[in-house]
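Before any comments, here is the structure.
The values are calculated or read from the model by the stated rules, or taken from the named source; none is laboratory data. Keep in mind that what you see is a predicted model, and the values were worked out from it rather than measured. Cβ sites come from the backbone with ideal geometry, for glycine too, and all protein chains shown count toward neighbours. Accessible surface areas use protein heavy atoms only, side chains included; no ligands, DNA or RNA. Shrake-Rupley method; radii C 1.70, N 1.55, O 1.52, S 1.80 Å.
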Amino acid sequence: MKAIYLDNNATTPLDPRVLDVMLPYLAEHFGNAASKSHRFGWIAEEAVEKAREQAAQLIGVTAEEVIWTSGATESCNLAIKGIAHRYHEKGRHIVTQVTEHRAVLDTCKHLEDQGFRVTYLPVDVYGQIDLDRLQDAMTEDTILVSIMSANNEIGTVQPIAEIGKLCKDRGVFFHTDATQAFGKIPLSAGQRSEVADGMGIDLLSASGHKMYGPKGAGILYLRRKNPRVLIEANIHGGGHERGLRSGTLNVPAIVGFGAAAEICMKQMEGEAQRLGRLRDKLFSGLEARLEDIVLHGPPPRGHAAQRLPNTANISFRHVESESLMSMLEDIAVSSGSACTSATPGPSHVLKALGIGDELIYSSIRFSLGRFNTEEEIERTIERIAETVRSLRGEIGAERRATTT
Ligand SMILES: Cc1ncc(COP(=O)(O)O)c(C=O)c1O
(Lines give C-alpha, C1' and ligand atoms only; values in the text may rest on other atoms or scores of the structure.)
Protein backbone atom coordinates (compact mmCIF):
# COMPACT_ATOMS: atom_id res chain seq x y z
CA MET A 1 0.00 0.00 0.00
CA LYS A 2 1.20 3.51 -0.83
CA ALA A 3 2.87 5.35 2.05
CA ILE A 4 0.94 8.31 3.45
CA TYR A 5 2.83 11.59 3.46
CA LEU A 6 1.75 13.88 6.31
CA ASP A 7 4.92 15.98 6.64
CA ASN A 8 4.05 18.81 4.27
CA ASN A 9 5.42 21.51 6.59
CA ALA A 10 8.89 19.98 6.13
CA THR A 11 8.53 19.99 2.37
CA THR A 12 5.71 19.49 -0.12
CA PRO A 13 5.74 17.20 -3.14
CA LEU A 14 6.17 19.00 -6.43
CA ASP A 15 2.81 19.60 -8.10
CA PRO A 16 2.93 17.74 -11.46
CA ARG A 17 1.61 20.89 -13.18
CA VAL A 18 4.63 22.76 -11.80
CA LEU A 19 7.01 20.08 -13.03
CA ASP A 20 5.54 20.37 -16.55
CA VAL A 21 6.21 24.10 -16.60
CA MET A 22 9.76 23.61 -15.31
CA LEU A 23 10.95 20.85 -17.64
CA PRO A 24 11.74 22.96 -20.73
CA TYR A 25 13.96 25.18 -18.53
CA LEU A 26 15.99 22.12 -17.53
CA ALA A 27 16.37 21.20 -21.19
CA GLU A 28 16.18 23.40 -24.28
CA HIS A 29 15.69 26.71 -22.45
CA PHE A 30 18.93 26.49 -20.47
CA GLY A 31 19.98 30.11 -20.98
CA ASN A 32 21.39 32.42 -18.32
CA ALA A 33 18.77 35.06 -17.45
CA ALA A 34 21.57 37.64 -17.20
CA SER A 35 22.80 37.02 -20.78
CA LYS A 36 21.53 40.08 -22.60
CA SER A 37 23.06 39.44 -26.04
CA HIS A 38 21.13 36.43 -27.39
CA ARG A 39 17.77 34.71 -27.39
CA PHE A 40 18.82 31.93 -24.98
CA GLY A 41 19.25 34.61 -22.32
CA TRP A 42 16.13 36.54 -23.36
CA ILE A 43 13.92 33.43 -23.07
CA ALA A 44 15.26 32.71 -19.58
CA GLU A 45 14.84 36.34 -18.51
CA GLU A 46 11.28 36.47 -19.77
CA ALA A 47 10.42 33.34 -17.79
CA VAL A 48 12.02 34.75 -14.63
CA GLU A 49 10.05 37.99 -14.96
CA LYS A 50 6.78 36.14 -15.52
CA ALA A 51 7.44 34.11 -12.36
CA ARG A 52 8.25 37.31 -10.43
CA GLU A 53 4.84 38.68 -11.41
CA GLN A 54 3.12 35.43 -10.36
CA ALA A 55 4.85 35.48 -6.97
CA ALA A 56 4.04 39.18 -6.48
CA GLN A 57 0.36 38.72 -7.27
CA LEU A 58 -0.11 36.13 -4.56
CA ILE A 59 0.76 38.69 -1.88
CA GLY A 60 -0.59 41.82 -3.56
CA VAL A 61 2.75 43.48 -4.30
CA THR A 62 4.45 44.62 -7.49
CA ALA A 63 6.98 42.48 -9.34
CA GLU A 64 9.80 45.02 -8.79
CA GLU A 65 9.43 44.43 -5.06
CA VAL A 66 10.34 40.73 -5.30
CA ILE A 67 13.93 39.47 -5.04
CA TRP A 68 14.82 35.86 -5.88
CA THR A 69 16.80 33.87 -3.32
CA SER A 70 17.56 30.18 -2.76
CA GLY A 71 14.87 29.72 -0.09
CA ALA A 72 13.46 31.12 3.10
CA THR A 73 16.59 30.69 5.22
CA GLU A 74 18.46 32.94 2.82
CA SER A 75 15.56 35.40 2.61
CA CYS A 76 15.33 35.73 6.41
CA ASN A 77 19.09 36.26 6.62
CA LEU A 78 18.98 38.88 3.88
CA ALA A 79 16.02 40.68 5.45
CA ILE A 80 17.26 40.81 9.03
CA LYS A 81 20.99 41.32 8.47
CA GLY A 82 20.19 43.57 5.51
CA ILE A 83 18.12 45.95 7.67
CA ALA A 84 20.51 45.74 10.63
CA HIS A 85 23.57 46.61 8.56
CA ARG A 86 21.79 49.33 6.59
CA TYR A 87 20.18 51.12 9.54
CA HIS A 88 22.68 50.46 12.39
CA GLU A 89 23.30 54.17 12.76
CA LYS A 90 19.59 54.80 13.33
CA GLY A 91 19.23 52.06 15.94
CA ARG A 92 20.59 48.72 17.08
CA HIS A 93 17.52 47.01 18.54
CA ILE A 94 15.43 44.20 16.98
CA VAL A 95 12.24 42.61 18.32
CA THR A 96 11.33 39.02 17.50
CA GLN A 97 9.67 36.16 19.38
CA VAL A 98 10.66 32.83 20.88
CA THR A 99 8.89 30.39 18.53
CA GLU A 100 10.49 31.68 15.33
CA HIS A 101 12.27 29.23 13.02
CA ARG A 102 16.02 29.07 13.49
CA ALA A 103 16.46 30.92 10.22
CA VAL A 104 15.35 33.97 12.22
CA LEU A 105 16.54 33.07 15.73
CA ASP A 106 20.10 32.18 14.73
CA THR A 107 20.36 35.25 12.50
CA CYS A 108 19.34 37.39 15.48
CA LYS A 109 21.87 35.61 17.73
CA HIS A 110 24.56 36.31 15.17
CA LEU A 111 23.64 40.01 15.22
CA GLU A 112 23.77 40.02 19.03
CA ASP A 113 27.40 38.89 18.71
CA GLN A 114 27.93 41.96 16.54
CA GLY A 115 26.57 44.32 19.22
CA PHE A 116 22.87 44.49 18.29
CA ARG A 117 20.27 44.07 21.04
CA VAL A 118 17.43 41.60 20.46
CA THR A 119 14.18 41.22 22.44
CA TYR A 120 12.62 37.74 22.22
CA LEU A 121 8.92 38.14 23.08
CA PRO A 122 7.23 35.24 24.88
CA VAL A 123 4.06 33.58 23.53
CA ASP A 124 0.86 32.47 25.27
CA VAL A 125 -0.34 28.85 25.54
CA TYR A 126 -1.66 29.03 21.97
CA GLY A 127 1.64 30.33 20.62
CA GLN A 128 0.55 33.92 19.98
CA ILE A 129 2.44 37.04 20.98
CA ASP A 130 0.83 39.74 23.11
CA LEU A 131 0.42 43.02 21.19
CA ASP A 132 0.77 45.18 24.32
CA ARG A 133 4.08 43.50 25.06
CA LEU A 134 5.20 44.13 21.50
CA GLN A 135 4.29 47.79 21.82
CA ASP A 136 6.15 48.06 25.14
CA ALA A 137 9.22 46.34 23.67
CA MET A 138 9.66 48.92 20.88
CA THR A 139 11.99 51.80 21.79
CA GLU A 140 13.59 54.75 20.00
CA ASP A 141 16.43 52.36 19.17
CA THR A 142 14.22 49.70 17.46
CA ILE A 143 14.79 49.32 13.72
CA LEU A 144 13.06 46.01 12.99
CA VAL A 145 10.28 43.73 14.20
CA SER A 146 10.45 40.18 12.82
CA ILE A 147 7.43 37.99 13.61
CA MET A 148 6.54 34.88 11.61
CA SER A 149 3.13 34.70 9.89
CA ALA A 150 2.50 31.10 10.94
CA ASN A 151 4.43 28.58 12.96
CA ASN A 152 5.85 25.46 11.30
CA GLU A 153 5.42 23.15 14.30
CA ILE A 154 2.03 24.07 15.79
CA GLY A 155 0.45 26.12 13.00
CA THR A 156 -0.31 29.20 15.11
CA VAL A 157 -1.07 32.23 12.94
CA GLN A 158 0.10 35.55 14.39
CA PRO A 159 -2.03 38.74 14.21
CA ILE A 160 -0.06 40.07 11.25
CA ALA A 161 -2.20 43.09 10.30
CA GLU A 162 -2.24 44.31 13.93
CA ILE A 163 1.54 43.90 14.20
CA GLY A 164 1.93 45.75 10.89
CA LYS A 165 -0.15 48.64 12.20
CA LEU A 166 1.84 48.93 15.43
CA CYS A 167 5.09 48.96 13.48
CA LYS A 168 3.78 51.58 11.06
CA ASP A 169 2.66 53.82 13.95
CA ARG A 170 6.17 53.62 15.43
CA GLY A 171 8.05 53.94 12.14
CA VAL A 172 9.69 50.52 12.60
CA PHE A 173 10.21 48.07 9.71
CA PHE A 174 8.21 44.83 9.86
CA HIS A 175 9.57 41.56 8.46
CA THR A 176 7.50 38.40 8.48
CA ASP A 177 8.80 34.90 7.84
CA ALA A 178 5.81 33.72 5.81
CA THR A 179 7.31 30.36 4.80
CA GLN A 180 4.39 28.35 6.19
CA ALA A 181 1.62 30.83 5.39
CA PHE A 182 2.50 31.76 1.79
CA GLY A 183 -0.03 30.09 -0.50
CA LYS A 184 -1.97 28.59 2.42
CA ILE A 185 -3.73 31.63 3.91
CA PRO A 186 -4.34 35.12 2.46
CA LEU A 187 -1.43 37.51 2.94
CA SER A 188 -1.49 40.97 1.45
CA ALA A 189 1.63 42.98 1.78
CA GLY A 190 1.50 45.95 -0.50
CA GLN A 191 -0.05 48.56 -2.71
CA ARG A 192 -1.93 46.15 -4.93
CA SER A 193 -4.03 44.67 -2.15
CA GLU A 194 -7.59 45.79 -1.44
CA VAL A 195 -6.49 47.29 1.85
CA ALA A 196 -4.07 50.17 1.25
CA ASP A 197 -0.61 48.94 2.22
CA GLY A 198 -2.08 45.51 2.88
CA MET A 199 -1.14 44.16 6.28
CA GLY A 200 1.64 46.68 6.77
CA ILE A 201 4.34 44.13 5.97
CA ASP A 202 7.60 45.74 4.78
CA LEU A 203 9.64 42.59 4.16
CA LEU A 204 8.41 39.02 3.64
CA SER A 205 10.26 35.73 3.23
CA ALA A 206 8.86 32.65 1.48
CA SER A 207 10.08 29.40 -0.01
CA GLY A 208 9.09 27.38 -3.09
CA HIS A 209 9.34 23.90 -1.58
CA LYS A 210 6.67 24.57 1.04
CA MET A 211 3.96 25.33 -1.52
CA TYR A 212 4.28 22.53 -4.10
CA GLY A 213 7.13 24.23 -5.95
CA PRO A 214 10.75 23.05 -6.18
CA LYS A 215 13.57 23.34 -3.65
CA GLY A 216 16.16 26.00 -4.40
CA ALA A 217 13.95 29.05 -4.98
CA GLY A 218 12.63 31.56 -2.48
CA ILE A 219 11.64 35.20 -2.40
CA LEU A 220 12.21 38.26 -0.31
CA TYR A 221 9.57 40.96 -0.75
CA LEU A 222 10.93 44.45 -0.10
CA ARG A 223 8.46 47.35 0.08
CA ARG A 224 9.28 50.13 -2.41
CA LYS A 225 6.81 52.81 -1.34
CA ASN A 226 5.42 54.15 1.89
CA PRO A 227 8.08 53.60 3.14
CA ARG A 228 10.82 52.52 0.74
CA VAL A 229 12.86 49.79 2.41
CA LEU A 230 16.59 49.67 1.75
CA ILE A 231 18.84 46.80 2.74
CA GLU A 232 22.50 45.94 2.60
CA ALA A 233 23.36 42.91 0.42
CA ASN A 234 24.67 39.68 2.03
CA ILE A 235 26.07 38.12 -1.15
CA HIS A 236 28.24 40.19 -3.46
CA GLY A 237 29.22 39.41 -7.04
CA GLY A 238 27.71 40.02 -10.45
CA GLY A 239 25.10 42.54 -9.30
CA HIS A 240 22.04 40.36 -10.01
CA GLU A 241 18.69 41.25 -8.43
CA ARG A 242 19.53 44.98 -8.35
CA GLY A 243 22.79 44.22 -6.56
CA LEU A 244 20.90 42.84 -3.55
CA ARG A 245 21.55 39.16 -4.27
CA SER A 246 24.31 38.33 -6.70
CA GLY A 247 24.61 34.94 -8.37
CA THR A 248 23.24 33.32 -11.54
CA LEU A 249 19.52 32.78 -11.17
CA ASN A 250 18.18 29.22 -10.79
CA VAL A 251 15.79 29.61 -13.74
CA PRO A 252 13.96 26.23 -13.61
CA ALA A 253 13.32 26.56 -9.86
CA ILE A 254 12.19 30.17 -10.24
CA VAL A 255 9.82 29.24 -13.07
CA GLY A 256 8.47 26.49 -10.79
CA PHE A 257 8.03 28.94 -7.92
CA GLY A 258 5.95 31.21 -10.14
CA ALA A 259 3.75 28.39 -11.45
CA ALA A 260 3.25 27.07 -7.89
CA ALA A 261 2.28 30.54 -6.65
CA GLU A 262 -0.29 30.93 -9.40
CA ILE A 263 -1.87 27.55 -8.57
CA CYS A 264 -1.98 28.46 -4.85
CA MET A 265 -3.68 31.74 -5.67
CA LYS A 266 -6.41 29.96 -7.63
CA GLN A 267 -6.91 27.08 -5.17
CA MET A 268 -6.15 28.63 -1.79
CA GLU A 269 -9.68 29.11 -0.52
CA GLY A 270 -11.03 25.69 -1.48
CA GLU A 271 -7.84 23.95 -0.41
CA ALA A 272 -7.82 25.63 3.01
CA GLN A 273 -11.40 24.50 3.60
CA ARG A 274 -10.73 20.95 2.51
CA LEU A 275 -7.54 20.60 4.55
CA GLY A 276 -9.15 22.22 7.61
CA ARG A 277 -11.92 19.66 7.44
CA LEU A 278 -9.48 16.74 7.06
CA ARG A 279 -7.31 18.04 9.91
CA ASP A 280 -10.35 18.31 12.20
CA LYS A 281 -11.43 14.83 11.15
CA LEU A 282 -7.96 13.51 12.05
CA PHE A 283 -8.03 15.06 15.51
CA SER A 284 -11.60 14.13 16.36
CA GLY A 285 -11.05 10.60 15.03
CA LEU A 286 -8.02 10.14 17.29
CA GLU A 287 -9.77 11.82 20.21
CA ALA A 288 -12.71 9.40 19.85
CA ARG A 289 -10.43 6.35 19.90
CA LEU A 290 -7.74 7.31 22.40
CA GLU A 291 -7.58 8.66 25.94
CA ASP A 292 -4.93 11.15 26.98
CA ILE A 293 -4.18 12.98 23.78
CA VAL A 294 -3.40 16.69 23.73
CA LEU A 295 -3.58 19.09 20.78
CA HIS A 296 -0.95 21.85 20.99
CA GLY A 297 -1.39 25.43 19.81
CA PRO A 298 -4.78 27.09 19.30
CA PRO A 299 -7.87 25.14 20.40
CA PRO A 300 -9.24 22.62 17.88
CA ARG A 301 -12.55 24.26 17.11
CA GLY A 302 -13.85 27.80 16.86
CA HIS A 303 -10.43 29.37 16.41
CA ALA A 304 -9.94 28.67 12.72
CA ALA A 305 -8.36 32.07 12.11
CA GLN A 306 -5.48 31.34 14.45
CA ARG A 307 -4.28 28.01 13.09
CA LEU A 308 -3.01 26.96 9.69
CA PRO A 309 -5.65 24.76 8.09
CA ASN A 310 -3.22 21.88 7.52
CA THR A 311 -1.39 21.52 10.83
CA ALA A 312 -2.08 19.54 14.02
CA ASN A 313 0.57 18.85 16.64
CA ILE A 314 -0.64 16.17 19.04
CA SER A 315 0.89 14.48 22.10
CA PHE A 316 0.01 10.89 22.93
CA ARG A 317 0.65 10.65 26.65
CA HIS A 318 2.81 7.69 27.86
CA VAL A 319 4.09 7.02 24.32
CA GLU A 320 7.44 8.23 23.00
CA SER A 321 7.01 9.81 19.59
CA GLU A 322 10.24 8.20 18.35
CA SER A 323 8.89 4.71 19.18
CA LEU A 324 5.56 5.55 17.59
CA MET A 325 7.21 6.80 14.41
CA SER A 326 9.44 3.76 14.14
CA MET A 327 6.32 1.57 14.11
CA LEU A 328 4.58 3.68 11.47
CA GLU A 329 6.83 3.00 8.52
CA ASP A 330 4.03 3.67 6.05
CA ILE A 331 3.04 7.05 7.53
CA ALA A 332 5.42 10.00 7.26
CA VAL A 333 5.05 12.47 10.13
CA SER A 334 7.58 14.27 12.28
CA SER A 335 8.30 14.93 15.91
CA GLY A 336 9.45 18.43 16.78
CA SER A 337 10.53 20.21 13.62
CA ALA A 338 12.09 18.43 10.68
CA CYS A 339 13.54 21.79 9.69
CA THR A 340 15.74 21.77 12.77
CA SER A 341 16.33 18.06 13.06
CA ALA A 342 20.06 18.56 12.42
CA THR A 343 20.17 19.44 16.12
CA PRO A 344 17.89 17.08 17.98
CA GLY A 345 16.44 18.04 21.36
CA PRO A 346 13.08 19.01 22.80
CA SER A 347 11.28 21.43 20.51
CA HIS A 348 11.88 25.06 21.50
CA VAL A 349 8.39 25.87 20.20
CA LEU A 350 6.57 23.42 22.47
CA LYS A 351 8.81 24.49 25.38
CA ALA A 352 7.81 28.11 24.79
CA LEU A 353 4.14 27.14 25.25
CA GLY A 354 5.03 25.89 28.74
CA ILE A 355 4.69 22.22 27.82
CA GLY A 356 6.72 19.77 29.92
CA ASP A 357 9.37 17.41 28.50
CA GLU A 358 7.18 14.31 28.87
CA LEU A 359 4.50 15.71 26.55
CA ILE A 360 7.09 17.17 24.18
CA TYR A 361 8.75 13.80 23.72
CA SER A 362 5.35 12.26 22.96
CA SER A 363 4.34 14.83 20.33
CA ILE A 364 3.78 14.23 16.65
CA ARG A 365 3.32 16.91 14.00
CA PHE A 366 0.80 16.05 11.31
CA SER A 367 0.97 18.47 8.39
CA LEU A 368 -1.51 17.75 5.63
CA GLY A 369 -1.21 18.78 2.02
CA ARG A 370 -2.84 19.11 -1.39
CA PHE A 371 -2.46 15.45 -2.30
CA ASN A 372 -3.83 13.86 0.88
CA THR A 373 -7.17 12.12 0.56
CA GLU A 374 -9.98 11.46 3.00
CA GLU A 375 -9.22 7.74 2.80
CA GLU A 376 -5.60 8.38 3.85
CA ILE A 377 -6.78 10.31 6.91
CA GLU A 378 -9.13 7.46 7.85
CA ARG A 379 -6.26 4.95 7.51
CA THR A 380 -4.00 7.20 9.57
CA ILE A 381 -6.54 7.42 12.39
CA GLU A 382 -6.86 3.64 12.57
CA ARG A 383 -3.12 2.97 12.31
CA ILE A 384 -2.15 5.56 14.92
CA ALA A 385 -4.90 4.54 17.34
CA GLU A 386 -3.91 0.89 17.10
CA THR A 387 -0.17 1.59 17.46
CA VAL A 388 -0.58 3.97 20.39
CA ARG A 389 -2.81 1.48 22.21
CA SER A 390 -0.33 -1.29 21.61
CA LEU A 391 2.61 0.83 22.84
CA ARG A 392 0.63 1.73 25.94
CA GLY A 393 0.10 -1.97 26.55
CA GLU A 394 -3.67 -1.57 26.28
CA ILE A 395 -4.18 -4.17 23.57
CA GLY A 396 -2.24 -6.87 25.46
CA ALA A 397 -4.06 -5.99 28.67
CA GLU A 398 -7.45 -6.25 26.96
CA ARG A 399 -6.59 -9.67 25.53
CA ARG A 400 -5.43 -10.88 28.96
CA ALA A 401 -8.63 -9.54 30.53
CA THR A 402 -10.83 -11.41 28.05
CA THR A 403 -8.97 -14.69 28.46
CA THR A 404 -9.14 -14.74 32.28
C1 LIG B 1 8.86 28.94 9.34
C2 LIG B 1 10.04 28.54 8.52
N3 LIG B 1 10.97 29.45 8.20
C4 LIG B 1 12.04 29.14 7.46
C5 LIG B 1 12.25 27.86 6.99
C6 LIG B 1 13.45 27.58 6.14
O7 LIG B 1 13.06 27.46 4.80
P8 LIG B 1 14.03 26.93 3.63
O9 LIG B 1 14.05 25.45 3.75
O10 LIG B 1 13.39 27.39 2.37
O11 LIG B 1 15.36 27.54 3.85
C12 LIG B 1 11.31 26.86 7.32
C13 LIG B 1 11.43 25.45 6.95
O14 LIG B 1 12.36 24.84 6.76
C15 LIG B 1 10.17 27.22 8.08
O16 LIG B 1 9.23 26.33 8.39
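Any residue in region 298-306 that is open to solvent by less than 10 Å² (accessible area, probe 1.4 Å) and either assigned to a strand (DSSP E or B) or modelled with pLDDT of 95 or more (or both)?
At the first step, the residues of region 298-306 found to be open to solvent by less than 10 Å² (accessible area, probe 1.4 Å) are 298.
Adding the requirement that they be either assigned to a strand (DSSP E or B) or modelled with pLDDT of 95 or more (or both) leaves none.
No, because not a single residue in region 298-306 is open to solvent by less than 10 Å² (accessible area, probe 1.4 Å) and either assigned to a strand (DSSP E or B) or modelled with pLDDT of 95 or more (or both).
Of (1) under 23 Å from residue 360 (Cα atoms); (2) at pLDDT 95 or above; (3) more than 16 Å from the ligand (Cβ to nearest atom), residue 333 satisfies all except one. Which?
(3)
Taking region 4-36 as the search range and keeping residues that are farther than 14 Å from residue 254 by Cα and hydroxyl-bearing (Ser, Thr, Tyr), which one is nearest to the ligand (Cβ to nearest atom)?
By that ranking, first place goes to 11.
Test residue 156 against the stated conditions and say whether it is open to solvent by less than 10 Å² (accessible area, probe 1.4 Å) and either within 11 Å of the ligand (Cβ to nearest atom) or in contact with a Gly (Cβ under 8 Å, 6 or more places away or on another chain) (or both).
Working: open to solvent by less than 10 Å² (accessible area, probe 1.4 Å): yes; either within 11 Å of the ligand (Cβ to nearest atom) or in contact with a Gly (Cβ under 8 Å, 6 or more places away or on another chain) (or both): yes.
Judged against the criteria, residue 156 is a match.
From the list 80, 67, exactly one residue is more than 9 Å from the ligand (Cβ to nearest atom), of a type in the set (A, V, I, L, M, F, W, C) and touching a Phe, Trp or Tyr at 6+ places or on another chain (Cβ under 9 Å). Which is it?
On the way: 80 fails: touching a Phe, Trp or Tyr at 6+ places or on another chain (Cβ under 9 Å).
From the options 80, 67, the qualifying one is 67.
I'm told residue 125 meets every condition in (1) crowded, with 24+ Cβ neighbours inside 10 Å; (2) at pLDDT below 95 except one. Can you identify the failing condition by its number?
Status for residue 125: all satisfied but (1).
Residue under question is residue 50, and the condition is that it be in contact with a strand residue (DSSP E or B) (Cβ under 8 Å, 6 or more places away or on another chain), open to solvent by 70 Å² or more (accessible area, probe 1.4 Å) and in contact (Cβ under 8 Å) with a residue 24 or more places away in the chain; does it hold? Give the derivation first.
Details: in contact with a strand residue (DSSP E or B) (Cβ under 8 Å, 6 or more places away or on another chain): no; open to solvent by 70 Å² or more (accessible area, probe 1.4 Å): yes; in contact (Cβ under 8 Å) with a residue 24 or more places away in the chain: yes.
Taking the combined requirement at face value, the residue does not satisfy it.
Here is a check on your reading of the model: is residue 349 within 16 Å of the ligand (Cβ to nearest atom) and either surrounded by fewer than 16 Cβ atoms within 10 Å (Cβ to Cβ) or modelled with pLDDT of 95 or more (or both)?
Yes.
Report yes if some residue within region 149-156 is among the polar types (S, T, N, Q), within 20 Å of residue 308 (Cβ to Cβ), touching an Asp or Glu at 6+ places or on another chain (Cβ under 8 Å) and outside the structural domain of residue 364 (by TED's automatic domain parsing); otherwise report no. Let's see the steps before the verdict.
Initial filter on region 149-156 (among the polar types (S, T, N, Q)): 149, 151-152, 156.
With the extra rule that they be within 20 Å of residue 308 (Cβ to Cβ), the set shrinks to 149, 151-152, 156.
Within this subset, residues satisfying the condition of being touching an Asp or Glu at 6+ places or on another chain (Cβ under 8 Å) are 149.
Those left that are additionally outside the structural domain of residue 364 (by TED's automatic domain parsing): 149.
Yes; the residues of region 149-156 include at least one that is among the polar types (S, T, N, Q), within 20 Å of residue 308 (Cβ to Cβ), touching an Asp or Glu at 6+ places or on another chain (Cβ under 8 Å) and outside the structural domain of residue 364 (by TED's automatic domain parsing).
In region 99-112, is there at least one residue being in contact with a strand residue (DSSP E or B) (Cβ under 9 Å, 6 or more places away or on another chain) and more than 16 Å from the ligand (Cβ to nearest atom)?
Of region 99-112, the ones in contact with a strand residue (DSSP E or B) (Cβ under 9 Å, 6 or more places away or on another chain) are 99-101, 103-105, 107-109, 111-112.
Those still in the list that are more than 16 Å from the ligand (Cβ to nearest atom) too: 111-112.
Scanning region 99-112, I find at least one residue that is in contact with a strand residue (DSSP E or B) (Cβ under 9 Å, 6 or more places away or on another chain) and more than 16 Å from the ligand (Cβ to nearest atom), so the answer is yes.
Pull out all pairs, ordered by first then second residue, where Cβ-Cβ is under 9 Å, the residues are six or more apart or on different chains, the first lies in region 96-123 and is at positive phi and touching a residue at least 12 places away in the same chain (Cβ under 8 Å), and the second is more than 16 Å from the ligand (Cβ to nearest atom) and open to solvent by 70 Å² or more (accessible area, probe 1.4 Å).
115/88; 115/92
From the list 181, 253, 206, pick out the single residue that is part of a strand (DSSP E or B), open to solvent by less than 40 Å² (accessible area, probe 1.4 Å) and within 16 Å of the ligand (Cβ to nearest atom). So that I can check it myself, show each step before the final result.
Details: 181 fails: part of a strand (DSSP E or B); 253 fails: part of a strand (DSSP E or B).
Answer to the selection: 206.
For region 209-246, how many residues are closer than 26 Å to residue 15 by Cβ and more than 12 Å from the ligand (Cβ to nearest atom)? It would help to see each step written out before you state the result.
Restricting attention to region 209-246, the residues satisfying the condition of being closer than 26 Å to residue 15 by Cβ are 209-221, 241, 245.
Pick out the ones that are also more than 12 Å from the ligand (Cβ to nearest atom) and you get 212, 221, 241, 245.
Selection size over region 209-246: 4.
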